[in-house]
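Structure first, commentary second.
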There are 2 protein chains.
Amino acid sequence: MNVDIWSDIACPWCFIGKRRFENALADFPHKDQITVTWHSYQLDPTLPEHYDGSELEYLSQRKGTPADRVAQMFDHVAQAAAGEGLEYDFGSVVVANSYAGHELLHLAKAKDAEAGTSLADAVKEALLSAHFEHGEDIGARDVLVRIGAEAGLDSAEINAALDAGTYRDSVAADIRRAQALGIQGVPFFVLDNKYGVSGAQPSELFAQALDTAWREANPLVMVSQPAGAEGTAEGLDGDVCGPDGCA
Amino acid sequence: MNVDIWSDIACPWCFIGKRRFENALADFPHKDQITVTWHSYQLDPTLPEHYDGSELEYLSQRKGTPADRVAQMFDHVAQAAAGEGLEYDFGSVVVANSYAGHELLHLAKAKDAEAGTSLADAVKEALLSAHFEHGEDIGARDVLVRIGAEAGLDSAEINAALDAGTYRDSVAADIRRAQALGIQGVPFFVLDNKYGVSGAQPSELFAQALDTAWREANPLVMVSQPAGAEGTAEGLDGDVCGPDGCA
């Protein structure tokens, strides 16, 4: 069964949602049969390649949100992150455009498709951690090359792909698919092409959605006697107790 | 999901449109759940069984289009075909009535309906290629028998069906359905009995139409907490980042 996740890098709820989903998946009985695919999304395509100020300054100056409200939001999100074992450090976050990071993710996806590896998940995890926990510039080439290499990609290949823009169209195609699906915010989870979960919902809700989608894709096959067989009413059920008794 | 395609054989844009649609379908995530059905249409029912001149002569003498304009049209269409990897050779095209070719297509459709094969697509492809790329007479019995046999039909069955006119009514019924749908030119694509695409549109447009029709037929079912549940605004979204921030 497929789970498709649209998410950005500069998106605090995306990392938290990743953890909450992963926790649900870890307890899911059929987790070995779930294929998770990360898709690109950009919350703010207008973000500069680099910006010489803090995240708080960017949000308050460029977006016009009052500084104290931004600080409040940081606190709220950092607490939620801590609840999932993530150590957000908004003071050190480096404002950067995530497009090149998404291209790196798609290079990893292409390798995974060839080799059956799971480099994309490692890259996604490392990009989020670098951005929110370690004050790294996920728009900088050297950071992207290091993250990719640590995940198992070849440094020369990363540089070549980013130089040539090999995966620019793949990123754009993901964003177009998100629009076609009506996605207006991230993280957004699509289970088995059918069920949508918007936002960093509690793990319990992800667990419930996984159960629902799985059960629908894999309904129980009923084994029964032929209709009219001895000892059966209509053949479908054996003797059974229900809410109305054991008739 | 069904895609119904009305198209003729002696129809240069029909072959080009077939390729452009196929390219979109190849990239469509749910392609395994798309059933393509070829329907018959005749652009020119008055075409003779055989004609001892070139396509250019036929169009200029019988239809009154100036020869240089016909030649210009051939150039334009051949270039578009080349863009899709098709090698049109208008100089060698054999003018022929396509009705018997459509009967062959319907024999293949009948076999597909019985056996779950996809002979009709192979027959349609071979008829178009024979006509536009290989200067073959798609009105000639031996050509039709060879094309059908190569696609996997039985030669004796082809001859019997064409002798008896077994599928003449099926071809006529397709053409009547086209008229009922208001189709005035081909190729014409109907997605999920709802969306129409007229002509050899770019692959991107077919991709978009497939997305739209699919999404409408299979809307995401949102999994969410009950309205008013703790930690949710209206219960529908979890914590989410959108274009206006992560509030």
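The values are calculated or read from the model by the stated rules, or taken from the named source; none is laboratory data. In this text the structure is predicted, and so the values were computed from the model without any measurement. When we count neighbours, we look across all protein chains shown, and the Cβ atoms used for this are built from the backbone with ideal geometry, even at glycine.
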Filtering segment A:129-164 for residues that are out of contact with any helix residue (DSSP H, G or I) (no Cβ under 8 Å at 6 or more places or on another chain), farther than 15 Å from A:ALA110 by Cβ and of a type in the set (A, V, I, L, M) leaves a count of 2
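Residues checked against (1) within 9 Å of another protein chain (Cβ to nearest Cβ); (2) in a strand (DSSP E or B); (3) under 28 Å from B:GLN225 (Cα atoms):
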{"position": "A:ALA172", "(1), (2), (3)": "no, no, no"}
{"position": "A:GLN184", "(1), (2), (3)": "yes, no, yes"}
{"position": "A:PHE189", "(1), (2), (3)": "yes, yes, yes"}
{"position": "A:ASN193", "(1), (2), (3)": "yes, no, yes"}
{"position": "A:VAL197", "(1), (2), (3)": "yes, yes, yes"}
Does segment A:36-44 contain any residue that is under 27 Å from A:GLU157 (Cα atoms), part of a loop (DSSP other than H, G, I, E, B) and in contact (Cβ under 8 Å) with a residue 40 or more places away in the chain? yes
When you check A:VAL221 against the structure, is it at pLDDT 75 or above and closer than 22 Å to A:GLU125 by Cα, yes or no? no
Options A:GLY235, A:GLY245, A:GLY185: the member that is at pLDDT below 95 and surrounded by fewer than 10 Cβ atoms within 10 Å (Cβ to Cβ): A:GLY245
How many residues does segment A:77-111 hold that are within 29 Å of A:ALA161 (Cβ to Cβ) and not polar (S, T, N, Q)? 18
Checking the conditions here, which among A:GLY116, A:GLY83, A:GLY53 is under 29 Å from A:ASN2 (Cα atoms) and away from chain B (no Cβ under 14 Å)? A:GLY116
Would you check if A:ASP52 is exposed (fewer than 13 other Cβ atoms within 10 Å of the Cβ) and assigned to a helix (DSSP H, G or I)? no
Just one of (1) under 15 Å from B:ASP8 (Cα atoms); (2) touching a Ser or Thr at 6+ places or on another chain (Cβ under 8 Å); (3) of a type outside the set (Lys, Arg) trips up B:ALA67, so point out which. (1)
Of the residues in segment A:56-67, those that are part of a helix (DSSP H, G or I) and within 12 Å of another protein chain (Cβ to nearest Cβ) come to A:TYR58, A:LEU59, A:SER60, A:ARG62
